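The values are calculated or read from the model by the stated rules, or taken from the named source; none is laboratory data. Everything numeric here is computed off the predicted structure, so don't read it as measured data. In this analysis, Cβ positions are derived from the backbone assuming ideal geometry, glycine residues included, and neighbour counts consider all displayed protein chains. With ligands, DNA and RNA removed, areas are computed over all heavy atoms of the protein, side chains included. Shrake-Rupley method; radii C 1.70, N 1.55, O 1.52, S 1.80 Å.
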Amino acid sequence: MSEPLIELKNVGFEVDGTQILQDISFVVNKGEVVTFSGPSGSGKSTLLKLIGTILTPTSGEILYKGTNLKELNPIEYRKEVSYFFQNAALFDETVEDNLSFPAHIREKEFEKERALKLMEQVQIPESYLTKKVKDLSGGEKQRIAFVRNLMYQPDVLLLDEVTSSLDQENREIIGKLINEMIEEEKITVLSITHNQAEIEKASRMIEIRAGKMEEDK
Amino acid sequence: MTSSLEINNWSLLFSVTLLIVAMLVDYKEKLGLGNDIFVAGIRAVIQLFIIGYVLRYILEIDNDLITFAMVLFIVFNASYNAHKRSEGINRSFTISATAIGTGTALSLIVLVFSGAIDWTPAQIVPITGMIASNAMTAIGITYRSLNSKFSDQRQQVLEKLALGADKKQASMSIVRESIKTGMAPSIDRTKTVGLVSLPGMMAGLIFAGVDPVEAIRYQIVVMFMLISVTSIASFIASYMAYKEYYNDRNQLTV
């Protein structure tokens, strides 16, 4: 359990002279489930984007399995570390286009069985595979986007307030799936959430305030 | 026949009344276009007189090297104008020059080798102008489409990158849509040719007394040539330009 997977060393991020994050250091071990808390605007989301290589730190370094992210191929890294956006968007035409995209870009066969199983877990019927993206509700889109991120069995899930814009019912459905993934696939999770109950298995909570680490418990 | 093709200085001067009509409309409706119309009129007169004399010189000396230099000059100008319309895409001059240059070269090679036109300045220079200006317009539309789609579909592109897509995989749908947008006007024009407009090439030949049935043969070649050049130019420009929306860490920079 104590194998370090992600390590941040004095990470900072600055935009146009404004320090968004400074001096953030922590280690996440394989299989750990970490939640980030703090007021909005504190830099949590930026921190997760840095780990997801959506942004690059302006100071310090982030290591993945002991190698600096700057030396890793971002495309290969993102195939293992899956970033999930707060307001996820679907693309192309149908639900299947979205669910098969991860396999398509890896030049692999689309695992329809896995897609159907995950869809069932988020209460999306099989007939939705051919449904047009534009005909889906907000909650359905978010659930399908979540299934899309799980299609390629990532090692790490980075969740940026994934349920904050959803109603109670959708929140529970996605929360349940996250917990099942933690249980069944031993996935490492770093999650920003205002709803601690969403992640029952959280082993750690890191608090970020005004761009600095306040607490790690 | 030739007498009808001469416009004497008086006729030219009287044609200015046409501009005055436009200026009256502007004055009455307070459109604020008076200066633009005046400047556009003056520029057109000066530019066309200069190019008229330059073309006369090029046609008279009929030198391959000078004809080729004129082709390069046209391609350079078209590339520069396309670059100005790129709204900030990096390396847009290089991209435009490659797209317009390749499109023009391929089209000229096909036309000359098929015997549709001869390598004489009287044919090469006007045809190059037609090709390059259409390529320039197509690229301008393609750039605008890339810019608006990368901005409208920013979240979708970010999603694809986060799922492990490379730049090309993340941009492919935008690239395809932009090529289509760049090609659309020349396809539409080809569909309505003869029904709505009698295009310049054909009109010019008919003016010069060529049998309309002969003139349309040239027009057919020109329409096909324009579809080909706009597709080549939009294709090259899109495929070269999409990379400029990313940094070397495969992150979207817009």
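For the stretch A:115-153, state which residues have at least 10 Å² less accessible area in the presence of all protein chains than in their chain by itself, taking the probe as 1.4 Å and leaving out ligands, DNA and RNA.
For the stretch A:115-153, once contacts with the other chains are taken into account, A:ARG148, A:ASN149, A:TYR152 lose 10 Å² or more.
When Rg is the radius of gyration of the Cα atoms in chain B and Rh is its Kirkwood radius, what does Rg/Rh come to?
Here the Rg-to-Rh quotient is 1.04.
So, with a 1.4 angstrom probe, what is the percent of accessible area on the stretch B:1-61 that is carbon and sulfur?
Exposed carbon and sulfur together represent 70 percent of the surface.
Across 20 Å bins from the origin, how do the percents of Cα pairs in the protein assembly as shown run, short distances first?
19, 39, 24, 16, 1
Expressed as an acute angle from 0 to 90° and rounded to the nearest 10, what is the orientation of the C-alpha long axis of helix A:95-105 relative to the principal long axis of chain A?
Roughly 60 degrees between the two axes.
Evaluate the charge dipole of the protein assembly as shown about its Cα centre and quote only its size in Debye, nearest 20, assuming +1 on the Cβ of each Lys and Arg and -1 on the Cβ of each Asp and Glu.
760 debye
Provide the buried accessible surface between chains A and B in square angstrom, both chains summed, 1.4 Å probe, rounded to the nearest 100.
The buried area between A and B, both sides summed, comes to about 1900 Å².
Please give every one of the aspartates and glutamates within straight-line cross-link reach of A:LYS79, meaning a C-alpha to C-alpha distance under 14 Å, and leave out same-chain neighbours fewer than 8 residues apart.
Filter leaves A:GLU107, A:ASP155, B:GLU159, B:ASP166.
For the stretch B:64-245, give the percent of accessible area contributed by carbon and sulfur heavy atoms, probe 1.4 Å, rounded to a whole number.
65 percent
Carbon and sulfur atoms: what percent of the 1.4 Å accessible area of chain A do they account for?
44 percent
Name the residues whose placed amide hydrogens come within less than 5 Å of the amide hydrogen of A:VAL33, ignoring near sequence neighbours (fewer than 5 apart) on the same chain.
Answer set, sorted by chain and number: A:VAL189, A:SER203, A:ARG204.
In the protein assembly as shown, what percentage of the DSSP-assigned beta bridges are antiparallel, given to the nearest 5? Spell out each step's value before the answer.
Working: 21 of 39 bridges.
In the protein assembly as shown, approximately 55 percent of DSSP beta bridges are antiparallel ones.
Nearest 20 debye, what's the magnitude of the dipole of chain A about its Cα centre given +1 on Lys and Arg Cβ and -1 on Asp and Glu Cβ?
For this selection, approximately 180 debye.
Answer rounded, prolate or oblate for the stretch B:1-61, using the Cα gyration tensor with square roots of eigenvalues a ≥ b ≥ c: rounded when a/c is under 1.5, else prolate when a/b is larger than b/c, else oblate.
Because a/c hits 1.5 or more and a/b fails to exceed b/c, the stretch B:1-61 counts as oblate.
With no solvent and one point on each alpha carbon, what is the Debye value of log10 I(q)/I(0) for the stretch B:58-204 at q = 0.11, 0.17 Å⁻¹?
Calculated log10 I(q)/I(0) at the listed q: -0.54, -1.03.
Under the √(5λ) rule applied to the eigenvalues of the Cα gyration tensor, what semi-axes describe the equivalent ellipsoid of the stretch A:139-197? Give them in Å, descending. Present the calculation step by step, with values, prior to reporting the outcome.
Numbers: eigenvalues 61, 34, 21 Å².
Three semi-axes, in Å: 17, 13, 10.
Quick check: the angle from helix A:168-185's long axis to the longest principal axis of chain A, C-alpha only, nearest 10 degrees?
Tilt of helix A:168-185: around 80 degrees.
Translational diffusion coefficient of the stretch A:43-197 at 25 °C, 0.890 mPa s, Stokes-Einstein with Kirkwood Rh over Cα pairs, in µm²/s as a whole number.
On the way: Rh = 16.2 Å.
D, rounded to a whole number, is 151 µm²/s.
Please tell me which of these pairs span more than 23 angstrom C-alpha to C-alpha: A:LYS131/B:LYS191; A:LYS9/A:LYS70; A:LYS112/A:LYS176; B:LYS84/B:LYS149; A:LYS108/A:LYS176; A:LYS44/A:LYS117?
Numbers: A:LYS131/B:LYS191 35 Å; A:LYS9/A:LYS70 13 Å; A:LYS112/A:LYS176 21 Å; B:LYS84/B:LYS149 19 Å; A:LYS108/A:LYS176 28 Å; A:LYS44/A:LYS117 32 Å.
Those over the limit are A:LYS131/B:LYS191; A:LYS108/A:LYS176; A:LYS44/A:LYS117.
Would you grab the residues whose amide H sits under 5 Å from the one on B:TYR246? Only those 5+ places off in sequence or on another chain, please, with H modelled 1.01 Å from N.
The answer is B:THR253.
Filter chain B for me: DSSP H helices, axial length by Cα at least 24 angstrom, mean Kyte-Doolittle hydropathy not below 1.0. List them by residue number.
On the way: long enough: B:9-29 (31 Å, 1.13); B:34-61 (41 Å, 1.35); B:64-84 (30 Å, 0.97); B:92-113 (31 Å, 1.74); B:121-152 (46 Å, 0.35); B:167-192 (37 Å, -0.67); B:212-241 (42 Å, 1.40).
TM-like helix candidates: B:9-29, B:34-61, B:92-113, B:212-241.
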